[in-house]
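Participant: There's a structure below that I have some questions on.
Where a number appears in this text, it was derived from the coordinates with a stated rule and is not lab data. In this text, all values refer to a predicted model and were calculated from it rather than measured experimentally. Positions of Cβ are backbone-derived with ideal geometry, glycine not excepted, and every protein chain shown enters the neighbour counts.
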Amino acid sequence: MTDNISFGAGMKCSPEDITHVWEKVKVPLGSRSYEILIGPGLLTEVPSRLKEAGISGRLFIVTDSNVEDLLGHDLLALLEAEGFKADLLSFPAGEESKNMDTVLMLASRLVQLGADRQSLLLALGGGVTGDICGFLASIYMRGISFIQLPTSLLAQVDSSVGGKTGVDLPEGKNLIGTFAQPAGVFADIGVLTTLPAPELRNGLAEVVKYGVIKDKDLFKFLEEKWWDVINLEPETTSFIVRRACEIKAEVVSRDEKEGGLRRILNFGHTIGHAVEALSGYVIPHGEAVSMGMVAVSRISLARGIMTRDELDRLRSLLEQFRLPVEIPESLDRQAIVQLMKRDKKVRDGKVHFVLAHGIGETVIVDDVTGKELEAALGA
């Protein structure tokens with residue numbers, strides 16, 4: 001805990017009080033450092049904290065059509081009550097909106113509404129919103145500030161932290177994007193109770209990932225507290241969000257632009273992204289990553305760096321969270337392989353895979369054979 005909350009370079013405030021249920025994680029990146037606040041009720045604090053931080057420019061909430069009705073208009077009213085001049089911009093909900101057409105539409109609206117280089121964007125929503133808004137902020141007038149207000153578990157534990165932004169192409173996921181760090185993150189765990197069950201499961205896949213790649217104690221905690229986890233028990237929820245953010249902050253601070261270490265965050269994602277894209281994004285991100293984690297763990301098992309018991313524990317935990325562990329037979333395996341070859345992390349024509357070295361450690365390889373991949377993908 002602290003009495004000085006920093007929202008990034010030149011954006012600070014000193015709140016009078018932070019309730020004990022709010023937690024803080026710092027992402028140390030020099031002049032681009034920022035903090036993640038975690039706890040219930042944080043969205044209602046945003047206007048006063050921005051005012052205390054000395055923000056005086058125009059504010060623009062960027063959200064999707066679902067969150068616009070649930071939270072967008074309420075946040076807009078709170079900002080206006082605090083004296084801010086603010087506007088609300090929305091786009092149709094869904095991964096299919098994560099493209100350049102949406103970015104160009106939003107950019108045009110910003111111009112029409114008079115947004116300038118002192119304006120601040122507020123990304124209110126899940127991972128799609130955060131990626132779109134962050135990308136838009138990074139290129140509008142060569143870069144303006146933005147704050148992440150993640151409303152899904154997936155966004156709170158993963159996509160709102162670390163500065164990756166981007167949109168999809170027909171050829172693959174996140175192929176156009178930038179690295180742009182937010183000025184701050186407010187993870188209000190209270191809004192997670194509004195999530196439908198499939199959205200909650202989406203986020204839990206990423207939480208499991210953090211346990212496998214970096215923290216066997218977190219993995220064990222998820223195994224033991226699974227009922228509290230899926231029922232969003234407040235202390236449990238706060239803990240898993242904080243721990244996931246701590247792990248990602250540590251990795252990002254050591255490798256901001258994915259030169260090496262940060263690639264461990266892609267455990268299950270190389271296959272998962274291909275599955276997601278091939279399904280036409282009918283299979284949600286978290287479910288695709290769940291399938292991908294099991295698939296690459298089969299390679300880990302075959303190479304003798306993961307035991308059968310550890311693989312069974314991973315499968316069991318994912319199934320406990322009602323996540324799929326097998327790629328649907330209807331998805332063509334060769335098409336999955338071809339999509340993986342277009343992944344932005346391919347180097348010198350070689351697809352890199354993050355393998356599990358037991359639970360709590362990983363190893364990155366680029367020598368997975370076609371036979372190994374065939375066995376991993378199943379049929």
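Participant: How many nm is it between the label spots at residue 279 and residue 366, if each spot is 7 Å from the Cα in line with the beta carbon?
Facilitator: Each label point is offset 7 Å from its Cα along the Cβ direction, giving 3.0 nm.
Participant: By a straight-distance test (C-alpha under 13 Å), which aspartates and glutamates pair with residue 216 as possible cross-link partners, with residues fewer than eight away in the same chain excluded?
Facilitator: 224, 310, 361
Participant: Taking the Cβ of each residue in 225, 350 as the centre, tally the other Cβ atoms inside 10 Å and list the residues starting with the fewest.
Facilitator: The order, fewest Cβ neighbours first, is 350, 225.
Participant: Would you work out the relative contact order for the range 197-377, in percent, from Cα pairs under 8 angstrom that are 6 or more residues apart?
Facilitator: In percent, rounded to a whole number, it is 28.
Participant: If I take R0 = 41 Å and measure r between the Cβ atoms of residue 193 and residue 346 in this structure, what FRET efficiency does the formula 1/(1 + (r/R0)^6) give, to the nearest 0.05?
Facilitator: Once rounded, the FRET efficiency stands at 0.55.
Participant: Quick one: if you stick a label point 7 Å off each Cα along the C-beta vector at residue 24 and residue 309, how many nm between them?
Facilitator: 4.2 nm
Participant: Please state the shape class of the range 238-379: rounded when a/c is under 1.5, otherwise prolate if a/b exceeds b/c and oblate if not, all from the C-alpha gyration tensor.
Facilitator: Verdict is rounded for the range 238-379.
Participant: Along the range 323-334, what does the Karplus equation 6.51 cos²θ - 1.76 cosθ + 1.60 (θ = phi - 60°) give for ³J(HN,Hα), rounded to whole Hz, x for Gly and Pro?
Facilitator: Per residue, the Karplus-derived 3J(HN,Hα) values read 9, x, 10, 10, 6, x, 4, 5, 8, 5, 5, 5 Hz.
Participant: Using label points projected 7 Å from each Cα along Cα→Cβ, tell me how many nm separate residue 73 and residue 337, to one decimal.
Facilitator: A separation of 5.3 nm, rounded to one decimal place.
Participant: Treat the count of other C-beta atoms within 10 Å as a stand-in for reagent exposure and order 218, 169 from fewest to most.
Facilitator: Taking fewest neighbouring Cβ atoms as first place, the list is 169, 218.
Participant: To continue, here is another question. Residues in the range 257-276 near a label at residue 179, defined as backbone nitrogen under 18 Å from the 7 Å Cα→Cβ point?
Facilitator: Taking a point 7 Å out along Cα→Cβ of residue 179, the residues of the range 257-276 whose backbone N falls under 18 Å are 257-267.
Participant: Between residue 82 and residue 139, what is 0.36 nm times their sequence separation minus the Cα-Cα distance? Round to one decimal in nm.
Facilitator: 17.7 nm
Participant: Out of [x] 20.1, 62; [y] 20.9, 68; [z] 29.8, 126, which label holds the value of Rg and Dmax of the Cα atoms in Å that was computed here?
Facilitator: Step by step, Rg and Dmax of the Cα atoms in Å for this structure corresponds to label [x].
Participant: On full extension of the chain, what length is gained from residue 216 through residue 104, given 0.36 nm per residue of separation minus the C-alpha to C-alpha distance?
Facilitator: That works out to 36.0 nm of additional length.
Participant: Next up: What is the extension gain from residue 254 to residue 118, computed as 0.36 nm multiplied by their sequence separation minus the C-alpha to C-alpha distance, in nm to one decimal?
Facilitator: 46.0 nm
Participant: Also, I was wondering about something else. Ignoring everything except DSSP H segments at least 4 long, calculate the 222 nm mean residue ellipticity for the chain; use -39,500 (n - 2.57) per segment, divide by total residues, nearest 500.
Facilitator: One gets -12500 deg cm²/dmol as the mean residue ellipticity at 222 nm.
Participant: Still on this structure: Taking other Cβ within 10 Å of each residue's Cβ, how do 227, 22 sort, fewest first?
Facilitator: 227, 22
Participant: Against the empirical 2.2 N^0.38 Å scaling, what ratio does the C-alpha Rg of the range 36-92 come to?
Facilitator: Computed over Cα atoms of the range 36-92, the ratio equals 1.12.
Participant: Below 8 Å, C-alpha to C-alpha, sequence gap of six or more: please give me the relative contact order for the range 5-194 in percent.
Facilitator: It rounds to 23 percent for the range 5-194.
Participant: Could you sort out which of 173/225; 209/248; 173/209; 26/85 sit more than 22 Å apart by Cα distance in this structure?
Facilitator: 173/225; 26/85
Participant: A follow-up question, please. Taking a ≥ b ≥ c as the square roots of the Cα gyration tensor eigenvalues, with a/c under 1.5 meaning rounded and otherwise prolate when a/b beats b/c, else oblate, which class fits the range 5-194?
Facilitator: In terms of gyration-tensor shape, rounded.
Participant: Over the chain, what is the relative contact order in whole percent, taking alpha-carbon pairs under 8 Å and six or more residues apart?
Facilitator: 14 percent
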